[in-house]
Amino acid sequence: MDELEILLTRIKTNDPDLTSLNLVHSRLETEQLRRLCHSFRSNHTIIDLNLSSNRMENEVTKALGESIKRNDTLEELRLNKNSITNEGARYLSSGLIVNKKLKLLKLNENEIGSEGIKYLSISLQRNNTLEELGLNENPINKMSIKLLSESIKSSKTLKTLTLEENQLSRDEMKILSFALIENESIVEMSLENNRIDDESVKYLSQALIKNSTLKDLSLNNNRIGNKGAKYLSQIFTKNQILLELKLNQNKIGTDGAKLLAEGISKNHPLHKLGLNGNPIKNGGMKYLVNALIKNTQLESLGLSGTKITNEGAKYVKLLLTNNHTLQVLKMNNNKIGISGAKEIALGLAENHGLEVLALSGNQIKTEGFSSIAESLINNKTLKDIVLNGNQIDGKAMRDLHKLLKKNNVLRDLSLTGNKIGPKGMIQLQQALIANNSLEMIRLDWNKIGKMGVKHLCNGLVLNTKLKKLGLSGNKITTLGMGHLATALSTNCCLKKLALNGNNINDEGLKLLMMDGVKQNVSLTKLGLNGNKLTSKSLKWIVKALKVNSNLLEIWLDGNDIFDQNYGTEIERSLTINSLLKKGTKQLGNKDWENAKKTFEEIIELIPKGIKLELIKGGLCFARQEFKRAIKHYTRYISIIKNNFRVFWLRGMCYDCMKDEDEATNDFETVIDLNPNFAEKKKLSGINYGEIVDDEAEGMSKSSSIDEKNKSTNEIDSNSGSGNDSDYDFSEEDNSKSDSEDENDNERIVNKNITLEEENNKKNLNKNNNNTNNNNNNNNTNNNNNNEQNLNRHLDKKFFNKNYQNEKYQTNQALSLNNSNLRRSFEMERVKEKEKEKEREKEREKEKVKEKVKGNEKEKVKEREKEKEKEKEKENEKENEKEKEKIILNNNKEALTISIETENSDGTNKNSNSESSRTNENHLNQENEENDEKEPHLCVQCKKKAIYYCAECKVHFCEKHDKKIHRFGTLLNHKRILL
């Protein structure tokens with residue numbers, strides 16, 4: 001166990017990075033656990049320790065109790081599922097008596113009886129720091145509750161107590177209630193899954209009337225009925241401190257809901273009420289709504305599984321129209337249909353307070369969804385909608401498209417277990433393009449298929465807000481994985497992707513990892529449970545993680561994967577990514593010492609590769625060697641050109657070097673790649689607008705502008721060669737020479753401007769005795785010249801910036817050519833296989849049709865009859881032609897008349913053709929005028945569009961067309977020039 005020895009040395013040497021330690025299911029032996037617990041005596045850094053599910057014997061708990069006595073930093077200790085007995089509780093309690101730092105102790109699912117509770121109660125009476133105690137699923141009886149209640153009476157620090165699944169009945173609740181009357185510290189108590197009935201609630205309610213501290217009470221999964229609801233309603237009349245009451249999965253009916261409503265109607269300061277799983281029905285809903293119209297304090301209401309129908313939905317309408325303080329409403333697993341959904345929609349149209357609405361497991365269907373979507377177009381508060389399992393099909397996506405066009409508040413949308421299908425994805429694609437607020441969408445188990453994924457990925461390429469996407473159970477094939485790979489290679493915002501239960505094979509995973517995850521810069525969690533992956537697929541995961549620097553978690557449960565070597569490599573690369581994330585945060589905060597330690601730790605783990613350049617750059621940045629850090633970052637960017645974090649780090653380096661121009665360029669690329677990241681960081685180091693304002697103020701103070709213009713013209717004419725840069729990058733000399741020369745020219749211009757400003761100030765001091773008229777004339781001329789020179793200087797800056805952006809886009813497209821060729825080759829191979837299968841199916845269908853039609857002899861006879869009929873028609877035509885020849889020979893005059901008539905007919909035809917052409921010209925002119933009146937606008941910038949993409953079905957300007965259609969299969973999209 002080399003890893004254990006390393007861990008013990010870190011604990012004994014007080015490693016400052018080791019503040020929390022999680023060893024759940026560690027499978028350590030008793031001697032190893034004893035040594036580990038013994039090492040905590042001299043430790044002064046660990047704050048949080050979790051040793052659950054380790055089967056700790058008495059020797060281990062003894063060592064842990066002795067270390068708790070001497071330790072002065074540990075605040076949280078979790079020892080769940082360790083089969084701790086009464087003796088182990090005695091050793092732990094001896095440590096608690098002396099300890100003065102521990103605040104949280106979890107002892108759930110152990111074997112602590114009355115003797116162990118006795119020792120713990122003695123320690124609680126003497127301890128003055130413990131705030132939270134968990135004793136769920138222990139063999140606690142009446143005697144142990146008596147001992148525990150004595151410590152509760154005298155405790156002044158305990159705030160949270162959990163006694164779930166302990167079979168507490170009337171006697172135990174009576175003792176505990178008397179203890180709560182004298183207690184003045186407990187704020188939260190959980191008594192779920194016990195045997196609490198109406199009589200036990202009577203004792204509890206009497207205690208809560210006198211108690212002045214308890215704010216959160218959980219009584220879920222007990223035996224409380226209408227009588228118990230009556231006793232609880234008495235709390236609302238006298239107690240003004242209780243804020244949360246959870247009564248889920250009890251036996252409260254319509255009468256009990258009426259009694260609770262009477263207490264709530266008195267405007268009690270209750271914030272959360274849970275009545276899920278209670279048969280209150282429509283009558284109970286009526287009483288609750290009447291009470292909540294008067295109440296202005298309740299914020300969350302749970303009514304899932306309460307047997308509410310369409311009639312109860314009418315009362316929900318009244319609630320939403322009259323109450324604007326309710327923020328969360330959950331009504332899952334009821335019997336609300338289309339008419340009930342329409343009633344709720346009418347209430348949502350007038351409501352301006354609800355933020356979360358859950359209606360899963362009902363029968364809303366497409367019509368109900370369309371009415372809800374229409375009501376939410378003008379809503380400005382609802383952020384989360386859950387509509388799982390409501391039989392919603394693809395037609396509803398049209399209404400969703402209309403909703404997301406105008407609504408900019410909705411954040412989360414869950415549509416799991418519906419019938420959307422691939423056709424609905426076409427409308428969802430346009431909805432994702434139009435909307436800029438949706439951050440999470442769940443589309444699991446909707447039978448989307450490969451074509452639906454294609455349309456969805458086209459929307460993901462243009463969307464810049466979506467962070468979580470669920471696509472589990474949608475039968476995504478290898479072609480669908482190819483489409484996802486193209487989307488991931490360009491998208492810079494998606495963080496979580498679920499692809500569980502999709503029957504993905506090794507080829508599909510190869511496309512996803514090598515062409516998508518390898519180039520992605522934002523994805524942190526990837527779910528691949530329950531697919532058809534083998535140990536061969538691990539090779540592609542390892543190769544992708546050698547380049548990817550942000551993926552932190554991969555789920556691969558339910559696959560036929562058995563390979564320890566690849567598994568260890570995957571774990572190592574994921575730990576490197578987590579440490580890299582930690583180091584980048586430290587660099588952003590300019591915590592140089594800790595960043596230096598983290599990057600030194602990473603270099604010991606990482607093998608050779610492009611990621612090594614990124615880590616070397618971070619280490620140089622932590623050492624404040626900014627030039628070397630820029631060198632490593634530029635090498636990394638030359639290969640991976642869409643990693644916005646690396647541009648941000650390089651911009652920070654330029655900022656520390658006070659090179660404002662280069663810093664602004666890097667920060668502007670960050671804004672283009674990921675505007676959300678730019679908003680978080682705010683790019684406080686450099687602001688391009690402030691630089692321009694400072695230059696304008698400096699230039700407005702100058703007086704002799706004409707001489708300045710001459711000097712700048714001479715510099716511009718002679719600045720073709722430029723100065724060499726401070727570093728020689730072997731891989732980027734050709735690509736960076738033009739931009740470096742242009743930046744050097746700008747620096748020379750700025751230096752000359754500052755020198756001339758100083759000379760101008762001297763001249764102004766000499767000429768202070770001039771007349772006021774001359775001063776006014778000079779000032780007007782100076783202001784005009786100032787504006788000309790400032791505009792000229794800014795045009796030069798923006799020209800350089802646009803040139804660099806265009807050059808960056810071309811290089812980015814060229815760098816992805818190899819991966820695109822490989823991807824297209826594999827996609828074509830898969831398409832050919834599918835085409836062959838379709839051809840075989842068509843052949844079989846043709847054979848079946850031929851058998852159904854009949855014998856081939858009858859077909860031959862029918863063909864011969866048709867040929868004979870055609871011959872007869874031809875003979876008749878020949879006879880008519882011979883008759884006409886005879887008539888023409890006999891009557892020459894008739895022939896001349898026919899010629900003249902033919903000439904007149906020709907002139908008429910020409911005149912008709914000319915008139916038709918003029919009509920066409922008029923129509924074309926009208927179409928051009930209509931186009932000039934109503935020009936098409938770009939989706940991104942709302943400027944005049946130049947191109948129309950037939951597959952995206954959207955108009956683009958030239959700038960955004962280049963920006964979007966530059967990766968993968970998007971290059972092959974058909975675009976029409978307007």
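With respect to the conditions (1) buried (at least 22 other Cβ atoms within 10 Å of the Cβ); (2) touching a helix residue (DSSP H, G or I) at 6+ places or on another chain (Cβ under 6 Å); (3) of a type outside the set (G, A, S), L168 lacks only one, and its number is (2).
Checking each residue in the range 611-660 for being polar (S, T, N, Q) and more than 31 Å from the chain's Cα centre (by Cα) picks out only Q624.
In a helix (DSSP H, G or I) and either over 40 Å from the mean Cα position of the chain (by Cα) or over 13 Å from L191 (Cβ atoms) (or both): is that true of S233 in this structure? Yes; evaluated as a whole, the condition is true for this residue.
Number of residues in the range 349-366 that are part of a helix (DSSP H, G or I) and surrounded by 16 or more Cβ atoms within 10 Å (Cβ to Cβ) equals 3.
Of the residues screened, E29 is one that is free of Cβ contacts under 8 Å to residues at least 24 places away in the same chain, more than 30 Å from F599 (Cβ to Cβ) and either of a type outside the set (A, V, I, L, M) or open to solvent by less than 70 Å² (accessible area, probe 1.4 Å) (or both). The set of residues in the range 137-173 that are within 38 Å of the chain's Cα centre (by Cα) and either in a helix (DSSP H, G or I) or over 26 Å from K69 (Cβ atoms) (or both) comprises E137, L163, E164, E165. May I ask you to verify whether G417 is touching a Phe, Trp or Tyr at 6+ places or on another chain (Cβ under 7 Å) and open to solvent by 30 Å² or more (accessible area, probe 1.4 Å)? Judged against the criteria, G417 is a match. Taking the criterion of being touching a residue at least 40 places away in the same chain (Cβ under 8 Å) and among the basic types (K, R), the only residue of the range 578-604 that qualifies is K597. Sub-7 Å Cβ pairs linking a first residue in the range 626-637 that is more than 14 Å from L612 (Cβ to Cβ) and part of a helix (DSSP H, G or I) to a second residue that is open to solvent by 60 Å² or more (accessible area, probe 1.4 Å) and not charged (D, E, K, R), at least 6 apart or interchain, are F626/M657, ordered by first then second residue.
How about the range 294-338: which of its residues are closer than 26 Å to N220 by Cα and in a helix (DSSP H, G or I)? Steps first, please.
First, the residues of the range 294-338 that are closer than 26 Å to N220 by Cα: 295-309, 312-313, 315-316, 319, 325-336.
G312, A313, Y315, V316, L319, listed by residue number.
Within the range 559-572, residues that are free of Cβ contacts under 8 Å to residues at least 60 places away in the same chain sit with their Cβ atoms under 8 Å from residues that are among the basic types (K, R), at 6+ positions apart or across chains, in these pairs: N559/K532; D560/K532; Y566/K539.
Pick out the one residue from K590, K585 that is outside any helix (DSSP H, G or I) and surrounded by fewer than 18 Cβ atoms within 10 Å (Cβ to Cβ). Walk me through how you get there before you give the answer.
On the way: K585 fails: outside any helix (DSSP H, G or I).
Just one listed residue meets the conditions, K590.
Can we say A257 is closer than 17 Å to Y315 by Cα, without any contact (Cβ under 8 Å) to a residue 40 or more places away in the chain and assigned to a helix (DSSP H, G or I)? Answer is yes for this residue. Number of residues in the range 243-265 that are within 19 Å of S300 (Cβ to Cβ) and either aromatic (F, W, Y) or in contact with a helix residue (DSSP H, G or I) (Cβ under 6 Å, 6 or more places away or on another chain) (or both): the value is 7. When the range 948-961 is limited to residues that are closer than 27 Å to M451 by Cβ and open to solvent by 60 Å² or more (accessible area, probe 1.4 Å), the one that is modelled with the highest pLDDT turns out to be Y948.
Give the residue, chosen from I576, I610, that is under 30 Å from K539 (Cβ atoms), of a type in the set (A, V, I, L, M) and in contact with a Leu (Cβ under 8 Å, 6 or more places away or on another chain). Break it down into steps so the answer makes sense when it comes.
On the way: I610 fails: in contact with a Leu (Cβ under 8 Å, 6 or more places away or on another chain).
Within the list I576, I610, the selection yields I576.
Give just the number: which of (1) open to solvent by less than 20 Å² (accessible area, probe 1.4 Å); (2) at pLDDT below 65; (3) outside any helix (DSSP H, G or I) does N642 not satisfy? The single condition N642 does not satisfy is (2).
For the range 459-487, enumerate the residues that are under 24 Å from L410 (Cα atoms) and touching a Ser or Thr at 6+ places or on another chain (Cβ under 9 Å). Before the answer, list the steps.
Residues of the range 459-487 that are under 24 Å from L410 (Cα atoms), as a first pass: 459-472, 487.
L460, V461, K465, K467, G470, S472 - these are the residues of the range 459-487 that are under 24 Å from L410 (Cα atoms) and touching a Ser or Thr at 6+ places or on another chain (Cβ under 9 Å).
Checked against (1) at pLDDT 95 or above; (2) not in a loop (DSSP other than H, G, I, E, B), N248 passes all but a single condition, namely (2). The set of residues from the range 188-222 being open to solvent by 50 Å² or more (accessible area, probe 1.4 Å) and not in a helix (DSSP H, G or I) comprises E188, N193, R195, S212, K215, N221. Evaluated against (1) out of contact with any helix residue (DSSP H, G or I) (no Cβ under 9 Å at 6 or more places or on another chain); (2) among the β-branched types (V, I, T); (3) modelled with pLDDT under 90, I140 falls short on exactly one condition, (1).
The values are calculated or read from the model by the stated rules, or taken from the named source; none is laboratory data. Being a predicted model, the structure only gives us computed values, none of them experimental. No Cβ is skipped: glycine too gets one built from the backbone with ideal geometry, and neighbour counts run over all protein chains shown. Just the protein is used for accessible areas: all its heavy atoms, side chains included, with ligands, DNA and RNA removed. Shrake-Rupley method; radii C 1.70, N 1.55, O 1.52, S 1.80 Å.
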